[in-house]
Amino acid sequence: MRYTDIAIIGGGLAGSTAAAMLGRAGIPTLLIDPHQVYPFDFRVEKISGDLQLERFGRTGLAESVLRSATLDGENWIARFGHLLDRQPSRQYGIMYDDLIAAIRNEIAGPAEFICNKVVDVATSSERQKIVLSRGEEISARLVVLANGLNVGLRRMLGIERLVTSHCHSISLGFDFVPVGRPAFPFAAMTYFSERPSDRIPYITLFPVGNRMRANLFTYRPADDPWLRAMRRNPVETLNAALPRLRRLTGEFDVAGDIKIRPADVYVSTGYRQAGVVLVGDAFASTCPVTGTGTDKVFTDVAQLCNVHIPAWLATDGMGEEKITAFYDDPVKTECDAWSNAKAYSFREISIGSGPYWQAQRWARFLGYLGRGSLRRLQRPQASPARPADHFRQRPHAADRA
Ligand SMILES: Cc1cc2nc3c(=O)[nH]c(=O)nc-3n(C[C@H](O)[C@H](O)[C@H](O)COP(=O)(O)OP(=O)(O)OC[C@H]3O[C@@H](n4cnc5c(N)ncnc54)[C@H](O)[C@@H]3O)c2cc1C
């Protein structure tokens with residue numbers, strides 16, 4: 001039997017971040033995950049926006065981890081084939097496996113990584129027991145369940161998943177390459193849907209190293225033939241769905257595999273229990289279209305590791321009243337509610353029918369156009385949508401190191 005203060009089950013974004021934070025705080029921690037190196041997985045591929053970066057900053061890891069990512073610097077906002085705005089932008093592109101590797105690099109003693117799978121967990125208001133697949137047992141004061149979508153261990157504890165929206169959206173990830181020219185004329189671009197009937201809220205193009213990565217989202221059923229068409233003839237299918245995208249990108253091709261991933265929106269139930277706390281996707285998911293899953297992860301982990309765990313360890317026991325303080329934390333509940341509301345409002349504003357949603361779409365279009373025009377007036381030198389090859393020339397962060 002090994003003894004520790006904190007046992008974290010799952011070394012994805014939430015678990016690895018928590019382990020690095022607790023190690024820095026000098027709290028004995030074991031992080032358990034079956035993969036020594038996180039395998040390729042289509043999940044978040046960029047950390048972006050001031051709010052998300054601020055939330056990442058609260059973990060204390062952002063600065064070092066983002067050195068492995070690619071900063072865009074400017075993002076074009078476009079719709080109907082028109083460039084509406086060229087926003088200064090802080091999108092840091094990084095593939096999920098590289099993100100987890102960079103975070104795990106920050107894990108230092110007294111936090112340790114154990115490469116194994118947890119097969120059993122038993123909790124109480126005093127000590128918790130975990131069993132690994134190799135038979136080893138771990139005794140911890142607290143279990144942090146950060147095992148993402150895997151429901152097996154939660155069921156053992158009587159925690160269930162309530163799906164509030166089945167196949168809420170589908171995300172597609174692929175490499176987007178210029179044809180007949182060395183580079184695209186933009187560092188990054190967000191292109192909004194042309195027609196609600198296409199059921200595409202937007203496509204976002206952003207640099208990851210020397211590649212231009214595309215994340216395309218759609219509100220379609222998982223068996224929609226359109227997804228098969230995207231796999232077989234991605235360029236033709238995309239051009240049919242967003243016919244004026246090419247005006248801005250020029251001719252393009254799709255390289256490599258197309259990753260397609262449906263996402264449910266769910267929340268856990270029965271989680272208020274002694275000895276165990278759920279973070280990240282293990283607690284609740286959101287819709288990838290909102291780009292707020294990592295906001296939830298960083299908020300959960302920062303509040304847990306900065307505020308609650310140090311307070312819980314200061315006194316004996318790990319009763320339900322301690323754990324409940326985390327779930328009722330106003331910073332966490334506000335972030336969860338904001339993200340969840342966005343999952344539904346984004347869908348409505350993208351595909352909702354009727355005059356109200358049509359008006360909302362036009363208001364958003366005019367808002368971007370207005371901001372873009374104002375920016376052009378303020379910075380006349382930035383006004384022409386000048387093809388630039390700065391993206392091609394910008395080396396990947398890792399190449400610069
Ligand atoms: C397609 C897609 C696109 C997305 N895009 C965005 C985006 O643009 N912006 C954004 O903010 N968010 C986005 N998200 C959401 C974001 O990726 C997730 O919220 C986040 O990755 C969740 O991290 P996690 O650590 O909770 O789960 P995971 O990363 O899934 O980690 C779970 C870990 O638990 C481990 N595990 C499972 N079972 C066991 C066991 N029995 N024992 C030990 N370990 C175990 C697994 O090996 C894994 O390492 C996206 C999600 C998807 C699916």
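Bear in mind that the values in this text are calculations on the coordinates, not laboratory data. For clarity, every value in this text was computed on a predicted model and none was experimentally measured. All Cβ positions, even for glycine, are placed from backbone atoms using ideal geometry, and neighbour counts span all protein chains on display.
Rounded to the nearest 20 debye, the dipole magnitude of segment 39-137 is 140 debye, with +1 charges on Lys and Arg beta carbons, -1 on Asp and Glu beta carbons, and the Cα centre as origin. Values of log10 I(q)/I(0) for segment 21-86 across q = 0.16, 0.25 Å⁻¹ run -0.84, -1.25, by the Debye formula with one identical scatterer at each alpha carbon and no solvent. Restricting the calculation to Cα atoms, every distinct pair contributes to the Kirkwood radius of segment 54-172, found to be 18.7 Å.
For the chain, DSSP calls about 70 percent of its internal beta bridges antiparallel.
Here's the picture: charge each Lys and Arg Cβ at +1 and each Asp and Glu Cβ at -1 in segment 188-347, and of W226, G270, F346 the one pushed furthest to the positive end of that dipole is W226.
Under the convention that each Lys and Arg Cβ holds +1 and each Asp and Glu Cβ holds -1, the size of the dipole of the chain around its Cα centre is about 1460 debye. Add +1 for every Lys or Arg and -1 for every Asp or Glu among the other residues with Cβ under 14 Å from the Cβ of V119, and state the total. My count for the surroundings of V119 gives +1.
Principal axis extents of the Cα atoms in segment 187-330, from largest to smallest and rounded to whole angstrom, are 64, 33, 26.
Ordering 300-306, 43-49, 332-338 by mean Cβ neighbour count within 10 Å, with the highest value first, yields 300-306, 43-49, 332-338.
Electrostatic tally near I170: other residues with Cβ closer than 9 Å to its Cβ, Lys and Arg +1, Asp and Glu -1, net +1.
Could you point to the residue in T290, I159, V331 farthest towards the positive end of the chain's charge dipole, with +1 and -1 charges on the Cβ of Lys/Arg and Asp/Glu respectively? Of the candidates, T290 comes out farthest on the positive side.
Remark on L278: its backbone amide H falls under 5 Å from those of L145, a criterion applied only to residues 5 or more positions apart or on other chains, H modelled at 1.01 Å from N. Secondary-structure-derived ellipticity at 222 nm for the chain, considering helices only, amounts to -9500 deg cm²/dmol, per-run term -39500 (n - 2.57) for DSSP H runs with n ≥ 4.
Pairs of Cα atoms under 8 Å, at least six residues apart: use those to get the relative contact order of the chain, whole percent. Once divided by the residue count of the chain, the mean separation gives 22 percent. Across the chain the C-alpha pair distances fall into 10 Å bins from zero in the proportions 5, 22, 30, 24, 14, 6, 1 percent. Across segment 109-234, the relative contact order, built from alpha-carbon pairs under 8 Å that are at least six residues apart, equals 17 percent.
Loop-located chymotrypsin sites (Phe, Trp or Tyr not before Pro) in segment 66-124 (DSSP state not H, G, I, E or B) with no more than 11 neighbouring Cβ atoms inside 10 Å do not occur.
Listed by chain and number, the lysines whose alpha-carbon sits under 29 Å from that of K46, ignoring those within fewer than 8 places in the same chain, are K117, K259, K296, K332, K342.
Spatially, segment 52-128 and segment 142-215 are offset by 14 Å when compared through their Cα centroids.
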